[in-house]
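Worksheet: the structure to be examined is printed underneath.
The values are calculated or read from the model by the stated rules, or taken from the named source; none is laboratory data. The shown structure was predicted, so the numbers you read here are calculated from the model rather than taken from an experiment. Heads up, the Cβs are rebuilt from the backbone with ideal geometry, glycines too, and the neighbour counts pull from every protein chain shown. When the accessible area is computed, the model is the full protein with side chains, heavy atoms only, and any ligands, DNA or RNA have been set aside. Shrake-Rupley method; radii C 1.70, N 1.55, O 1.52, S 1.80 Å.
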Amino acid sequence: MTRAVVLELRKMRRLRTGPIVVLLVLAVAALSSASQFSGGTRETFDDPTAAPWAALLLTYTMMAAMTSPLLTAVLASRQTDIEHAGAGWTLAATAGYTPGVLCRAKVVALSLVLLPAVALQSLLVIGAGTAAGIRVPLDPGPWIGYTTLLFLLDVAFLALHVWLAATVENQLVGVGIGMLGAFLAAFTLLLPSAVSRLIPWGYYAVIAHAAQDGDVVAYQSPSYAWIAGFLILVGAVYAFVTRRLDRIER
Amino acid sequence: MSAVITTHGLTKTFRNQTAVDSLDLYVPQGVVYGFLGPNGSGKSTTMKMLLGLTRPTSGGITLFDRPLTPASRTDLLRSIGSMIEAPPGYGHLTGLENMRIVQHMLDLADTQIDHALATVRLTAHRDKLVRNYSLGMKQRLGVAMALAREPALLVLDEPTNGLDPAGIEEIRTLLVELASEGITVMVSSHLLDEIDRMADVLGILSGGKLIFQGTRGELFEHSTPDLIIETPDPGAALALGITATPVLEGLRLSGITKEQTAEVVRRLAVAGVPIHEVRRVRQSLEDVFMDLTGRGGLL
Ligand SMILES: Nc1ncnc2c1ncn2[C@@H]1O[C@H](COP(=O)(O)OP(=O)(O)OP(=O)(O)O)[C@@H](O)[C@H]1O
Ligand SMILES: [Mg+2]
């Protein structure tokens, strides 16, 4: 498996995976922090009751929900489409790497790229908040919790999209679903979490560690049980479908 | 001669269609085995089964005297280089980077990669992106990927597809060379002409059935070329009740054996019909092939 992951990292060369990720990280960080430099927001910076950090985390959650589904779809599609285009499935199979192994390795390799990217993204948002002049001390708990869950959710959607890209050769399908997912993810932030939990992309809202109640923004604890359940379900389904991929004859 | 590939009643059925029908292949060691058949006759499907990429519906495969099973497959594949249908190659990587992927997959040495690239004469182009390769270069890269593991058996599905005559000749020379080094080469094509001059043994597939297997010479023996009898007086011959078609030089007789030829000539001589020449039509292997596959696969 390690060898298969290293192979995927080798194939990633020139796929512009790195630049795409960096670009999106910068964009999300910039969009999340943009409001920090507006006059109205700045007045809250010294006021602990206004919870400026929670407000920033909520904006960040919104931006991440809007972009992550598409980012994962694009990364997974680029990494998988090369196997269709280059007759890679057969090449790998004759070397003992089944399509299922390839797909699992792709998810791991892409996750390895995404892990530092998501961490950096959160750090950039925090950095922007500090630079804008938020004086209230930062409570790291919700930020670490959110960043971790955001990453795990991205991994889950990478898995979905790698499987989709491997099964449906037309990559417009996967990327289209990613776009639809981005819309759903942003939309579910406005819905009660009882509804969001039933929509896969709704989990980008379910993992929110901050919420707005009227005019007040405050930290909140997401329902970890639902999130864990969702991640375990995705893992189990992925294990099953990639094993099935091994038996598909092309 | 020991066999590298043998199959027994190898069959593959897709839903309602039998793509490969009870094949008994026998590929001896160290030969170039030409696997011929028109489009859709089941060549690729057979080769995929030989590589364990597709599961046979029934029948068995023995490679290097070992039965091919899911358990033995990985081990057996280590000594089989292959290229099925489209040549592999990641377009966004260079030729060398593609070879490095194969190297890493199979844990090969640098020298094996260099040697494979040199064998197909791609060394000069190894730093070019594969998407910018010509079709011939892509085919050669595919062959290099198959050769890198220094296989004992090479299974190539239409490696000359889309090549110009010079490219075909190049592949032909290469395969003959490899066979002379003791590598068994199984190569498919739907054009007999391409295979004719390199194959030691031919297997001809039609509609999923193996309609011929043997040497080129044996193939000729299976067919009887038409007989031409040159005579200025074909009318007199036909009056004797000989079944023939009048042609420019005289008469043309189809499907008659050596004994029948002798009998016809004797009757004409006795009747005093002048005979200037009796000869067989020169038949190309192509004619034989068309004859075989065109007649609905009957021998
Ligand atoms: N996965 C599949 N599902 C259904 N039918 C298939 C499948 N693969 C091949 N076939 C059918 O099996 C038959 C043999 O196909 P195959 O590709 O083996 O032929 P071929 O001899 O390689 O032809 P060509 O010269 O065109 O490459 C065809 O009729 C094809 O439609
Ligand atoms: Mg074919």
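Per-structure values
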{"item": "Scope the stretch A:69-99; condition more than 14 Å from chain B (Cβ to nearest Cβ) and either open to solvent by 10 Å² or more (accessible area, probe 1.4 Å) or in contact with a Leu (Cβ under 6 Å, 6 or more places away or on another chain) (or both); matching residues", "result": "A:L70, A:L71, A:T72, A:V74, A:L75, A:A76"}
{"item": "Test for B:T94: is it out of contact with any Phe, Trp or Tyr (no Cβ under 7 Å at 6 or more places or on another chain), within 21 Å of A:K11 (Cβ to Cβ) and more than 7 Å from chain A (Cβ to nearest Cβ)", "result": "yes"}
{"item": "Test: residue in the stretch A:148-155 that is assigned to a helix (DSSP H, G or I), charged (D, E, K, R) and buried (at least 21 other Cβ atoms within 10 Å of the Cβ)", "result": "yes"}
{"item": "Residues being within 10 Å of ligand 2 (Cβ to nearest atom) and not in a loop (DSSP other than H, G, I, E, B) - total across the stretch B:36-46", "result": "4"}
{"item": "In the stretch B:61-84, residue nearest to B:I5 (Cα to Cα) [restricted to those that are surrounded by fewer than 24 Cβ atoms within 10 Å (Cβ to Cβ) and at the interface with another protein chain (Cβ under 7 Å from one of its Cβ atoms)]", "result": "B:L77"}
{"item": "Qualifying residue in the stretch A:127-146 (condition: at pLDDT below 95, open to solvent by 10 Å² or more (accessible area, probe 1.4 Å) and polar (S, T, N, Q))", "result": "yes"}
{"item": "Whichever residue in the stretch A:199-223 is surrounded by 16 or more Cβ atoms within 10 Å (Cβ to Cβ) and hydroxyl-bearing (S, T, Y) and, among such residues, is nearest to A:I144 (Cα to Cα)", "result": "A:Y219"}
{"item": "Members of the stretch B:30-42 that are within 13 Å of ligand 1 (Cβ to nearest atom) and either touching a residue at least 24 places away in the same chain (Cβ under 8 Å) or not assigned by TED's automatic domain parsing to the domain that holds B:D196 (or both)", "result": "B:F35, B:L36, B:G37, B:P38, B:N39, B:S41, B:G42"}
{"item": "Residue list for the stretch A:103-145, restricted to those being in contact with a strand residue (DSSP E or B) (Cβ under 8 Å, 6 or more places away or on another chain) and outside any helix (DSSP H, G or I)", "result": "A:D139"}
{"item": "Which listed residue, of A:A218, A:A205, A:A156, A:A236, is in contact (Cβ under 8 Å) with a residue 24 or more places away in the chain and more than 27 Å from A:P52 (Cβ to Cβ)", "result": "A:A156"}
{"item": "Criterion (open to solvent by less than 70 Å² (accessible area, probe 1.4 Å) and either within 16 Å of ligand 1 (Cβ to nearest atom) or assigned to a strand (DSSP E or B) (or both)) met by exactly one of B:V102, B:V27", "result": "B:V27"}
{"item": "Residue ID - nearest to the other protein chains (Cβ to nearest Cβ), chosen from residues in the stretch B:113-135 that are surrounded by 18 or more Cβ atoms within 10 Å (Cβ to Cβ) and not in a loop (DSSP other than H, G, I, E, B)", "result": "B:V130"}
{"item": "Enumerated helices (runs of 4 or more DSSP H) restricted to the stretch B:182-272, each holding at least 1 residues that are open to solvent by less than 40 Å² (accessible area, probe 1.4 Å) and in contact with a Gly (Cβ under 6 Å, 6 or more places away or on another chain)", "result": "B:192-196, B:234-239"}
{"item": "Residue match in the stretch B:4-19 (condition: open to solvent by less than 10 Å² (accessible area, probe 1.4 Å), under 19 Å from the mean Cα position of the chain (by Cα) and more than 15 Å from ligand 1 (Cβ to nearest atom))", "result": "yes"}
{"item": "Filter pass, B:T173 being within 20 Å of B:I195 (Cα to Cα), buried (at least 22 other Cβ atoms within 10 Å of the Cβ), free of Cβ contacts under 8 Å to residues at least 40 places away in the same chain and not charged (D, E, K, R)", "result": "no"}
{"item": "Residues that are surrounded by fewer than 20 Cβ atoms within 10 Å (Cβ to Cβ) and of a type outside the set (A, V, I, L, M, F, W, C), drawn from the stretch A:22-40", "result": "A:S35, A:S38, A:G39, A:G40"}
{"item": "Helices (runs of 4 or more DSSP H) within the stretch A:2-59 that include 2 or more residues within 14 Å of another protein chain (Cβ to nearest Cβ)", "result": "A:2-11, A:17-34"}
{"item": "Any chance B:T45 is away from every other protein chain (no Cβ under 14 Å) and either touching a Cys at 6+ places or on another chain (Cβ under 9 Å) or within 16 Å of ligand 1 (Cβ to nearest atom) (or both)", "result": "no"}
{"item": "First in the stretch A:1-17 and touching a residue at least 12 places away in the same chain (Cβ under 8 Å), second anywhere and part of a loop (DSSP other than H, G, I, E, B), Cβ under 8 Å, 6 or more apart", "result": "A:A4/A:Y97; A:L7/A:Y97; A:K11/B:Y90; A:K11/B:L93; A:L15/B:H92"}
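Residue-by-condition table, conditions (1) more than 28 Å from A:L120 (Cα to Cα); (2) at pLDDT 90 or above; (3) polar (S, T, N, Q):
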site	(1), (2), (3)
A:T148	no, yes, yes
A:F157	no, yes, no
A:T188	no, yes, yes
A:D215	yes, no, no
A:V237	yes, yes, no
A:F240	yes, yes, no
